[in-house]
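Engineer: Okay, handing you the structure first.
The values are calculated or read from the model by the stated rules, or taken from the named source; none is laboratory data. A quick note: this is a predicted structure, and the numbers were derived from the prediction, not measured. For neighbour counting, all protein chains shown are included, and Cβ atoms are generated from backbone atoms with ideal geometry for every residue, glycine included. Keep in mind that these areas ignore ligands, DNA and RNA; they rest on the heavy atoms of the full protein, side chains included. Shrake-Rupley method; radii C 1.70, N 1.55, O 1.52, S 1.80 Å.
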Amino acid sequence: WGSITLGGRWPGVLPPRMRLAALTQAAILVALAVIALDHGGLLQIGLPPAAIWVTVAVACISAVLNNITPSRIERRLWGPVTILMALAALTLAVT
């Protein structure tokens, strides 16, 4: 999995420190999903409406970074996924 995450710098198994980084990234994605679900009315946590713009910002940054990474496989896999994520978040934010 190392070749398709964190720039593809660690093919195979990620070193322990990078596993923690990947786990942190996963937790951030879960938090962004919760914000989007709350904003869309599927969860009722009561987050401020402006929180969706945090999701939009992080998704846009992620899209840029995943499309400029030196890892070809990461660009091909996560590039389109993160672009769609950013577009979905932006659509949710403006509707």
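Engineer: Taking the residues in the stretch 3-31 that are among the hydrophobic types (A, V, I, L, M, F, W, C) and in contact (Cβ under 8 Å) with a residue 24 or more places away in the chain as candidates, determine which candidate is nearest to Ile68 (Cα to Cα).
Structural biologist: Of the residues in the stretch 3-31, the ones among the hydrophobic types (A, V, I, L, M, F, W, C) are 4, 6, 10, 13-14, 18, 20-23, 26-31.
Add one more test, that the residue is in contact (Cβ under 8 Å) with a residue 24 or more places away in the chain, and what stays is 4, 28.
Values: Ile4: 13, Ile28: 20 Å.
Once the filter is applied, the top-ranked residue is Ile4.
Engineer: Of the residues that make up the stretch 7-27, is at least one out of contact with any strand residue (DSSP E or B) (no Cβ under 6 Å at 6 or more places or on another chain), assigned to a helix (DSSP H, G or I), open to solvent by 90 Å² or more (accessible area, probe 1.4 Å) and modelled with pLDDT of 95 or more? Reasoning before the result, please.
Structural biologist: The first filter runs over the stretch 7-27 and keeps only residues out of contact with any strand residue (DSSP E or B) (no Cβ under 6 Å at 6 or more places or on another chain), leaving 7-27.
Those still in the list that are assigned to a helix (DSSP H, G or I) too: 7-8, 16-27.
Now narrow it down to the ones that are open to solvent by 90 Å² or more (accessible area, probe 1.4 Å): 16-17, 19-20, 23.
Subset that is modelled with pLDDT of 95 or more: none.
No, the stretch 7-27 has no match at all.
Engineer: Cβ-Cβ distance below 6 Å, separation of 6 or more or different chains: which pairs start in the stretch 33-54 with a residue that is free of Cβ contacts under 8 Å to residues at least 12 places away in the same chain and assigned to a loop (DSSP other than H, G, I, E, B) and end on one that is open to solvent by less than 50 Å² (accessible area, probe 1.4 Å) and not basic (Lys, Arg)?
Structural biologist: Filtered contacts from the stretch 33-54: Ile45/Asp38.
Engineer: Take the residues of the stretch 29-44 that are under 10 Å from Thr55 (Cβ atoms) and of a type in the set (Gly, Ala, Ser): which is surrounded by the most Cβ atoms within 10 Å (Cβ to Cβ)?
Structural biologist: Here the answer is Ala36.
Engineer: Does Ala59 satisfy being out of contact with any helix residue (DSSP H, G or I) (no Cβ under 7 Å at 6 or more places or on another chain), open to solvent by less than 70 Å² (accessible area, probe 1.4 Å) and part of a helix (DSSP H, G or I)?
Structural biologist: On the way: out of contact with any helix residue (DSSP H, G or I) (no Cβ under 7 Å at 6 or more places or on another chain): no; open to solvent by less than 70 Å² (accessible area, probe 1.4 Å): yes; part of a helix (DSSP H, G or I): yes.
Spelling it out, it is not the case that Ala59 is out of contact with any helix residue (DSSP H, G or I) (no Cβ under 7 Å at 6 or more places or on another chain), open to solvent by less than 70 Å² (accessible area, probe 1.4 Å) and part of a helix (DSSP H, G or I).
Engineer: What number of residues in the stretch 62-95 are open to solvent by less than 70 Å² (accessible area, probe 1.4 Å), touching a residue at least 60 places away in the same chain (Cβ under 8 Å) and either outside any helix (DSSP H, G or I) or polar (S, T, N, Q) (or both)?
Structural biologist: The number of residues fulfilling the criteria is 2.
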